[in-house]
Amino acid sequence: MPIYKPFRKTLPPSVQKDKDSQKCGLRHTVYSVCGNEYTGEWLENQKHGNGIQVWKKAGAIYHGEWKYGKRDGYGTYSVQIPETKEYTRKYCGQWKNGKKHGYGTYFFDSSAVYEGEWADDQHNGWGRMYYENGDIYEGEWLNHKNHGRGIIRFSNGNWYEGSWRDGKRNGDGKFYYSDKGLLYEGFWVDGIAKCGTLVDVGRESAPSPPEFPFPKVCDYLQL
């Protein structure tokens, strides 16, 4: 009685070599032709897990989590200072699909700092911005612009609290003039006060108040 051996399906040599060479798990540093290097974990030949990526030409480095070849999870992105060749942090926080997404802190070249929520590489949601001139904004953002409810404290002591749209004061809001001891409360359109009331607040301690106090607003029915 003849004996038949089971047929074993074999892959072409080139396909088998490619399959065997695919990176998976923790590996030592892998260098690319352009000089970039990656040290960390892999899955199905893609960066996946924790790893450090160095971009030689851009002078940048990322240290954090990856998912199928893209920055995803928590990580820190730093850039190299040309004069000292040292790295300084630009962003540390959450990523999704290769973009800043979630909560994170970004350090601008001008010494300004933003900390808060991100979506698709832009300020979106709640966040706090420390400007180079000393102003501080805290509130809602939409695509890098103040949008929604928020308060800004100016370095000279003035502050505004209220509604914003496309980076400008729009809607109901209050503006306090610290040097004059005056508070404006009313409606704004594209950063300009349109209709509201102006009252004395802290007139006694203000450095340069108006010559005469503002009269109180009264209901005409009470007159």
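The values are calculated or read from the model by the stated rules, or taken from the named source; none is laboratory data. Since we're looking at a predicted model, the values are computed, not measured. Here the Cβ is made from the backbone with ideal geometry for all residues, glycine too, and neighbour counts use every protein chain on show. Please note that ligands, DNA and RNA were not included when accessible areas were found on the heavy atoms of the full protein model with its side chains. Shrake-Rupley method; radii C 1.70, N 1.55, O 1.52, S 1.80 Å.
The sole residue among Tyr103, Tyr160, Tyr114 that is among the aromatic types (Phe, Trp, Tyr) and not assigned by the TED database to the domain that holds Gly171 is Tyr103. For the range 120-129, the count of residues that are at pLDDT 95 or above, surrounded by 14 or more Cβ atoms within 10 Å (Cβ to Cβ), under 19 Å from the mean Cα position of the chain (by Cα) and over 24 Å from Tyr91 (Cα atoms) is zero. If you go through the range 80-112 and keep only what is open to solvent by 30 Å² or more (accessible area, probe 1.4 Å) and in a loop (DSSP other than H, G, I, E, B), you end up with Ile81, Pro82, Glu83, Thr84, Lys85, Glu86, Asn97, Phe108, Asp109, Ser110, Ser111. Note on the range 140-157: residues that are over 24 Å from Trp118 (Cβ atoms), open to solvent by 50 Å² or more (accessible area, probe 1.4 Å) and either not assigned by the TED database to the domain that holds Asn124 or not hydrophobic (A, V, I, L, M, F, W, C) (or both) amount to 2.
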